[in-house]
1. If the Cβ limit is 7 Å and pairs must be 6+ apart or interchain, which residue in the stretch 172-198 that is at positive phi pairs with which residue that is outside any helix (DSSP H, G or I) and surrounded by fewer than 15 Cβ atoms within 10 Å (Cβ to Cβ)?
2. Looking only at the stretch 216-273, filter to residues that are outside any loop (DSSP other than H, G, I, E, B) and small (Gly, Ala, Ser); which one of those is farthest from Val292 (Cα to Cα)?
3. Using the structure shown, decide if Met110 is surrounded by 18 or more Cβ atoms within 10 Å (Cβ to Cβ) and closer than 16 Å to Trp346 by Cα.
4. Would a scan of the stretch 266-273 turn up a residue that is over 24 Å from Val77 (Cβ atoms) and either within 21 Å of the chain's Cα centre (by Cα) or hydrophobic (A, V, I, L, M, F, W, C) (or both)?
5. Let me confirm something: among Asp153, Asp126, which residue is out of contact with any Lys or Arg (no Cβ under 6 Å at 6 or more places or on another chain), touching a residue at least 40 places away in the same chain (Cβ under 8 Å) and surrounded by 15 or more Cβ atoms within 10 Å (Cβ to Cβ)?
6. What is the number of the single condition among (1) on the phi > 0 side of the Ramachandran plot; (2) in contact with a strand residue (DSSP E or B) (Cβ under 9 Å, 6 or more places away or on another chain) that Gly334 does not meet?
7. So which residues in the stretch 358-375 are more than 20 Å from Val323 (Cβ to Cβ) and buried (at least 18 other Cβ atoms within 10 Å of the Cβ), if there are any at all?
8. For Gly245, are the conditions met, namely being surrounded by fewer than 22 Cβ atoms within 10 Å (Cβ to Cβ) and at positive phi?
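The values are calculated or read from the model by the stated rules, or taken from the named source; none is laboratory data. All figures in this text were calculated on a predicted structure; none of them were measured in a lab. In this analysis, Cβ positions are derived from the backbone assuming ideal geometry, glycine residues included, and neighbour counts consider all displayed protein chains.
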Amino acid sequence: MKNYDIAAFIWPSYTGDEPRSRIFWPEGYGEWQTVKAMTDKGYKGCRWPRIPVWGYVNEADSRVMEMQIDCAVSYGVNVFIYDWYWYDNRPFLENCLNDGFLKARNNKDMKFYLMWANHDATYLWDKRNSDKLLDTVVWRGAVTPEIFSNICDRTIDKYFKQENYYKIGGCPVYMIFDFDNFIRTFGSTEKAREGISLFRKKTVDAGFPGLHFQVVYWGEHYCNGLPDGDINKGKHIYDVYSYLGIDSVTNYNWGGSVYFDGDYKELTKNYIEATEKASEKLTVPFYPNISVGWDNNVRFYGFREGVVENNTPENFKSACEAVKDFADKSMKKGIMKAPLITVNSWNEWTETSYLQPDDLYGYGYLEAIKDIFTD
């Protein structure tokens, strides 16, 4: 590796092993059902259907993940970030991590960490209803402080203690997707800070030097939506990050920093500019992201705006170079505390943003990662 940890997000829906997933994908093999149904809708930038080179595999099968781990590592992807869910007071879609990755015989060849995808679950995942009932909430992503405490205990015991859990400065990294929902869990930023402090204490009590608490960055804004009386209501998000003691930010995809639509080369330029600007203002490290693309029309019958065009492997390779250049400068200045770059994603087929090989570009995206980030 050329000094960088390349951490790709994993969307753990490509399995039928989670019984509750049939609410959204009744055929019983997860969101592959939606991928298989996508056709050429005729809009500009549509490059469907696409077929996975490896087939519609069960990613909760340890043998499948052994193959994928070997492939990922050989092309320079050495960390998986698992989307992790908790709905209706129990985990959801954990099978890919627990039964796939952690039971793979070669899983120690790479690191992993969790992103609590604490957003509401809606009919976005159910193509039968997504056009008409998109905003209908199936499960709430916010929990209670008591449940969060239980989640902390379970996370530390089941995941942090794995020898290949990803750490920065010896501290396990834990990411939050929906910052607003995290505050809703506690009712105020004051209580949220107490919740983070409790998580840190639990982590230290478990034998670690600390906790690296990371959040997904959703752009500059003022926190006007906080409850009345909250001491941070109306303050800039950067000030709230500081108040809470956030350790770092990253993007889930480029849509957190720029309007994610149009020509990929132009979007690369816009993203780097936005990230440089944010990094200069933030008091915590901004770990940059490389996004393969964006088009989630796969999940709808009708057309949805936001289609990235010309995200060929060649243009993706240029984006890798641009992000690496940003990271090199940030490391040299001492802003980034770890050589971490996140990638969206390993397998987000229904958002058309994946590194896995398909019948359109083959292993082209992985070859780009390998060319830029490995010797």
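1. Qualifying pairs under 7 Å: Gly187/Pro227.
2. Here the residue is Ser242.
3. Against the criterion (surrounded by 18 or more Cβ atoms within 10 Å (Cβ to Cβ) and closer than 16 Å to Trp346 by Cα), Met110 qualifies.
4. Residues of the stretch 266-273 that are over 24 Å from Val77 (Cβ atoms), as a first pass: 266, 269-270, 273.
Going one step further and asking which of them are either within 21 Å of the chain's Cα centre (by Cα) or hydrophobic (A, V, I, L, M, F, W, C) (or both), we end up with 270.
The answer is yes; a qualifying residue exists.
5. Going through Asp153, Asp126 in turn, the sole match is Asp126.
6. Evaluating Gly334 over (1) on the phi > 0 side of the Ramachandran plot; (2) in contact with a strand residue (DSSP E or B) (Cβ under 9 Å, 6 or more places away or on another chain) leaves (2) as the failure.
7. The answer is Asp358, and nothing else.
8. Criteria met by Gly245.
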